[in-house]
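Participant: My questions all concern the structure below.
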Amino acid sequence: MATRLQFENNCDIGVFSKLTNGYCMVAIGGSESFYSVFESELGGVIPVVKTSIAGTRIVGRLCAGNKNGLLLPHTTTDQELQHLRNSLPDQVVVQRIEEKLSALGNCIACNDHVALTHTDLDRETEEIIVDVLGVEVFRQTIAGNILVGSFCALSNRGGLVHPHTSIEDLDELSTLLQVPLVAGTVNRGSEVIAAGMIVNDRTSFCGSDTTATELSVIESVFKLRDSQPSVIVDEMRKSLIDSYV
Amino acid sequence: MPRKPRRKQRPKSWPVTFSPFARALARMASVSKPNRRSKSIESSEKPTRSSTSNGSSKHTLEERPEGSESSDGEFDGVVQADFAFFDPKPNDFHGVKTLLQTYLDVEEWDLSGFADLILEQTTVGTVVKVEDDEDEGVFALATALNLWRYREQRCIMKLKEFLLLKASQEKGVGDQLRLLLGERAHNVGLLVSQRVVNLPPQLLPHLYDSLFNEVSWATEDEPTEDLRNSFQFKHYIILSKIYKHKNAEQQKRKRSDDREEEIVYVKPEDEIFHELSSWSFCFPLRTQQPAPHELKNYRSMGLIMTVEADKIPTFRQQLASLINEGWRQPEGV
């Protein structure tokens, strides 16, 4: 199920929030209605944590994480680091890394199994990603852009990439990532996918400018629709037909 | 509107940002810094020229700051930019929305709907872009919206609520504003004018000329009588931002050399509008952006004022003389 919302009239919600299968992070300072949408969708299933990173609200773009771990830039303050360690589940390893490309959310796109990274990322950072996030790392570009974290949204079930990604690239990336990929847009034609939406295996949130077409593409590629028509019919068939004569 | 074929001409080292608008902004930042001279070549500054045009298309302003384009790959040269005025198009949605981001302070409202409204009104409304820009970044926007024509739109209703709420704290003007927004709305235009901070002021007289010309052409050219009448504005309401001195009462200036003005106008034409206004009032803004050093004693406030339409010719004259006196926007504002 995909929900549309905005952060202070801004549809780039992927900038102000981060969603994984294990937790959700939301920027402080937004209105309570922003936070409460997350609470109502996710509350009880995964913790929703309000935080800042490096004193800023752009938490979605500065950190990278999945259900196994969370990587924070070197600009994160000690209090923020402690707050996150306290608020996130114990199995999530929270680590602050020394990487000169500090907008980790723009440089790393990952799900629970595989990660795409910026081509200029440090060797050490790559090793830390493998350790902390428990993923296989591939240095890639998307439609010629090195900021892979910005131009794709990835979950364990599918991915949405920059609209200008060629078919060959889509196939190659799909093979690496082992999930179906679709090239599309979010927020009424915006190419910066990861800024416009966040997604995990069960749910997704998009900016309120996202059109119905874009939303249906998102729900389809990330397999978020609760009930496919065929599923309903199959389930009904089981209950209606006892045996074939 | 016929556009020239695009020339792919871009210096190699534009700042790396992934937003087309931010790239355009970064380009702009260097246009308005005339102090930068890396290698001075003989380049005479061309006077701004504007070619007059027929009723529906726009005229171009050429802006050629002194200086040179650096050739060693370092982005420290000055940029040449041809600005062109266009009718609003649906493509401009993102640029227009960005410019209107803080229009109603932090209120959550139908901003996208408001942007769509502005873009649908192609007869009156101007969008300033750079000619031959691949990214089509929107640098400025000016339009006038009839408050009666759009009274059913959610965004306009929320906007009226916002204005009335701010006016309720101010004695006297509340009733006048209510009249303008209610019974008299047939002849009231909301003048929306937003731009990037460092847009060259030389464009402003042309921008307002084209806007007010379009308004008067619309009173003759629109297909139905209702529409023609809807542009017979008698009043304009303007919602803008200013910086007000924190100690408004303070008269004594102790050691500062330069006089500290009570009000610093972010947009130069606001000063003229303010003088010509029938009434106006300020209200505090909830977003307090960190002020540049020169403005540390000032607080940003919203300003709502109303100007009668018959004062507009005076405004146009005063604006032209203000800009042509070689007035320059102070750095950082």
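Read the figures in this text as sums done on the coordinates, not as results from a lab. Remember, it's a predicted structure, so these values are computed and weren't measured experimentally. Cβ coordinates were reconstructed from backbone atoms using ideal geometry, including for glycine residues, and neighbour counts include every protein chain displayed.
Participant: Using every Cα-Cα pair within chain A, state what percent have a distance larger than 23 Å.
Facilitator: Beyond 23 Å sits 48 percent of the P(r) for chain A.
Participant: By how many degrees, 0 to 90 and rounded to 10, does the Cα axis of helix A:229-240 deviate from the longest principal axis of chain A?
Facilitator: Helix A:229-240 sits roughly 50 degrees off the main axis of chain A.
Participant: With a 10 Å cut-off between alpha carbons and a GNM built on chain A, which of A:Asn86, A:Asn68, A:Asn111 moves the most?
Facilitator: Maximum fluctuation in the GNM of chain A, among the listed residues, is at A:Asn86.
Participant: If neighbour count is taken as other Cβ atoms inside 10 Å, put A:Tyr35, B:Tyr243 in order from fewest to most.
Facilitator: A:Tyr35, B:Tyr243
Participant: In addition: How far apart, in nanometres, would the label points at B:Gln202 and B:Trp217 be if each is projected 7 angstrom from Cα along the Cα-to-Cβ direction?
Facilitator: That separation, rounded to one decimal, is 2.4 nm.
Participant: Okay, next question. Within a 10 angstrom radius of the beta carbon, how do A:Thr76, A:Thr141 rank from fewest other beta carbons to most?
Facilitator: Ascending number of Cβ neighbours within 10 Å: A:Thr141, A:Thr76.
Participant: Gain in length, B:Asp135 to B:Glu308, computed as 0.36 nm per residue apart minus the alpha-carbon separation, to one decimal in nm?
Facilitator: Separation in residues times 0.36 nm, less the Cα-Cα distance, equals 58.5 nm.
Participant: Using just the helices of chain A, give the 222 nm mean residue ellipticity in deg cm²/dmol: DSSP H runs with n ≥ 4 each add -39,500 (n - 2.57), and the total is spread over all residues, rounded to 500.
Facilitator: Rounded to the nearest 500, it is -8500 deg cm²/dmol.
Participant: If you take the beta carbon distance between A:Thr119 and A:Ser40 as r and set R0 to 56 Å, what does 1/(1 + (r/R0)^6) give as a FRET efficiency, to the nearest 0.05?
Facilitator: FRET efficiency, A:Thr119 to A:Ser40: 0.90.
Participant: Between B:Lys89 and B:Glu225, 0.36 nm times their residue separation minus their Cα-Cα distance comes to what?
Facilitator: Length gained, B:Lys89 through B:Glu225: 46.5 nm.
Participant: Moving on. Report the full-extension gain for the segment B:Asp82 to B:Met157: residue separation times 0.36 nm, less the Cα-Cα distance, to one decimal in nm.
Facilitator: 23.2 nm
Participant: Assigning unit charges at the beta carbon (Lys, Arg +1; Asp, Glu -1) and nothing else, what dipole magnitude in debye, to the nearest 20, does region B:83-327 show about its Cα centre?
Facilitator: Using only the charged Cβ atoms, the result is roughly 1340 debye.
Participant: With r as the distance between the Cβ atoms of A:Glu98 and B:Met301 and R0 = 30 Å, compute the FRET efficiency 1/(1 + (r/R0)^6) and round to 0.05.
Facilitator: In this case the efficiency is close to 0.10.
Participant: In degrees between 0 and 90, to the nearest 10, how far off the longest principal axis of chain A does helix A:212-221 point, with axes built from Cα atoms?
Facilitator: 90 degrees
Participant: Normalised by the number of residues in region B:83-327, what is the relative contact order in percent for Cα pairs under 8 Å and 6+ residues apart?
Facilitator: It rounds to 19 percent for region B:83-327.
Participant: Would you work out which of A:Val179, A:Pro47, A:Leu104 lies farthest towards the positive end of the dipole of chain A? Charges go on Cβ: Lys and Arg +1, Asp and Glu -1.
Facilitator: A:Pro47
Participant: Here is a follow-up. As I understand it, the value is the acute angle between the Cα axis of helix A:78-87 and the longest principal axis of the Cα atoms of chain A; what does it come to in degrees, rounded to 10?
Facilitator: The angle comes out near 30 degrees.
Participant: Ranking A:Ser17, B:Ser300, A:Ser166 by Cβ neighbours within 10 Å, fewest first, what do you get?
Facilitator: Fewest-to-most ranking of A:Ser17, B:Ser300, A:Ser166: A:Ser166, B:Ser300, A:Ser17.
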